[in-house]
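The values are calculated or read from the model by the stated rules, or taken from the named source; none is laboratory data. Please read all numbers here as calculations on a predicted model, not as lab measurements. All Cβ positions, even for glycine, are placed from backbone atoms using ideal geometry, and neighbour counts span all protein chains on display. Remember, those area values only see protein heavy atoms, side chains included, never the ligands or the DNA or RNA. Shrake-Rupley method; radii C 1.70, N 1.55, O 1.52, S 1.80 Å.
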Amino acid sequence: MRPLHRIGALCMFAAAAMLVVSCQDSEQDDAAVGGDAEKTITVGFSQIGAESAWRTAETESIRSEAANRGVNLKFSDAQQKQENQIKALRAFIAQQVDAIILAPVVETGWEPILREVRSAGIPVILVDRGVNVSDDSLFATLIASDFVEEGRMAAMWLVEKMDGTGNVVELKGTTGSAPAIDREKGFHEILDAQPGMTIIKSQTGEFTRAKGKEVMEAFLKAEGDRIDAVYAHNDDMAIGAIQAIEEAGRTPGTDVIVVSIDGVRAAFEAMVAGKLNCTVECSPLLGPAAFDAIEAVLAGETLPKNTVVNDRIFDQSTAEAELPNRRY
Ligand code: GZL
C-alpha cells in the first residue's frame, strides 16, 4: 500500500480556491444563472446503498456538505449493485458533471468505466472503500480508514480481553469489498499468532443487522457453547448477532464477548447496556474532506493518493462518557 498521508494533508486543500455556488436539490439542475453569478459546480455521487447506519451517516455527511457549499449534487443509490454504480457513472458523464464522488461497493471491475470517466476529463474522489486498478491516475485520491489496522485493533483488544484463549466466530462484510477483505486480513494476522485462539467459523453477514443475525443463529446452532466471542466487521452485524445470542439463551457481553467496527450510536448504547464489549471507530463523516479534495482538484492541485482517516477504539470503560459526543 502506498505511503499513507494523514487527514491533515487535507488542510492543504483548504488553501484551494473557494467556489461560491448556489444551492440546488440533488434532483434539480441549476437554474440558468446570468450576469456575474459565481459558477455553480455539479457533483455526481455514486453511493453503494443504505445497508447500515454507517452508510446512511456517510450519505448524510456528503449531502449536507454539498448543501453547505451550494454544490448541485446528483445522488445515485446503487442498491449494493456494481452495475448500478457503473450506470450512474455513465449518466454523470452524459450530464457533464464537474467531479464524481464514488464509494465503490467492491474492489474489482472498475478499470473500464474509470477510463471512460477520465476520457471525459472528470476527476474521481474515492470515499470509504478502495479499488484495484493498474493505473492509479484513474482516481484523484482515496479518503478512507485503514481497514487492516482496524482489524488488528479489534483483534488485539480481544486477545487481551480473553487472555489469549477461546473460540471466535467472524461475521464478515460484503464479499469482495475493501473493508471486508482488509478487516479480515488485519484480524487474522493477530489471531494467527495466538495459539490459544481459533476462528472456528467465518461467513459474510453483508454488513446488515438482518443477515448478521441470521448467520449468527446458524453459528450458534452448529457450534453452540463452543463460541466464546464474535468479531463482526461492522456494528450492524454485531447488533444482529447480539439478538441471536440472547434468543439462544446466552448473555452477550459476558457469556459471549462481542467486538465490532464502525462506532455508530447504537454500538455505544449496546456497550452501555453491557451487550457489546468493544467497537473500533471508522468515521463516515467524509463530506468535508471529499469536497475539500474536489475544490483542490478543480483548482489544479495534485492530491496524495491515500488520505487515511484516523480511528479510535472504545469499550465499555469509555462508552458512557463518549456517547453524548457521538455525531452518527
Ligand atoms: C467502511 C464502510 C463499511 C462500514 C459498514 O468504510 O465501507 O460499509 O464499516 C458499511 O457499516 O456498510
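Taking the numbered list (1) in a loop (DSSP other than H, G, I, E, B); (2) within 16 Å of the ligand (Cβ to nearest atom); (3) open to solvent by less than 40 Å² (accessible area, probe 1.4 Å) in turn, residue 133 passes all entries but (2).
Looking across the stretch 140-157, the residues that are away from the ligand (no atom under 14 Å from the Cβ), farther than 15 Å from residue 234 by Cα and out of contact with any Pro (no Cβ under 8 Å at 6 or more places or on another chain) come down to 156, 157.
Picking from residues in the stretch 237-271 that are open to solvent by 10 Å² or more (accessible area, probe 1.4 Å) and within 17 Å of residue 327 (Cα to Cα), the one that is nearest to the ligand (Cβ to nearest atom) is 266. Looking only at residues in the stretch 91-105 that are open to solvent by 30 Å² or more (accessible area, probe 1.4 Å) and on the phi < 0 side of the Ramachandran plot, the one that is farthest from the ligand (Cβ to nearest atom) is 94. Once the stretch 178-210 is narrowed to residues that are open to solvent by 50 Å² or more (accessible area, probe 1.4 Å) and in a helix (DSSP H, G or I), the residue that is farthest from the ligand (Cβ to nearest atom) is 189.
Restricted to the stretch 37-66, and to residues there that are in a loop (DSSP other than H, G, I, E, B) and surrounded by fewer than 23 Cβ atoms within 10 Å (Cβ to Cβ), the residue that is farthest from the ligand (Cβ to nearest atom) is 37.
Take the stretch 211-233 and flag every residue that is in a loop (DSSP other than H, G, I, E, B) and more than 16 Å from the ligand (Cβ to nearest atom). Passing the criteria: 227, 228. Out of (1) farther than 25 Å from residue 38 by Cβ; (2) more than 13 Å from the ligand (Cβ to nearest atom); (3) part of a helix (DSSP H, G or I); (4) touching a Phe, Trp or Tyr at 6+ places or on another chain (Cβ under 8 Å), what's the single condition that is false for residue 112? Condition not satisfied by residue 112: (4). Residues that are within 20 Å of residue 288 (Cα to Cα), away from the ligand (no atom under 16 Å from the Cβ), touching a Leu at 6+ places or on another chain (Cβ under 7 Å) and touching a residue at least 40 places away in the same chain (Cβ under 8 Å) are absent from the stretch 67-90 altogether.
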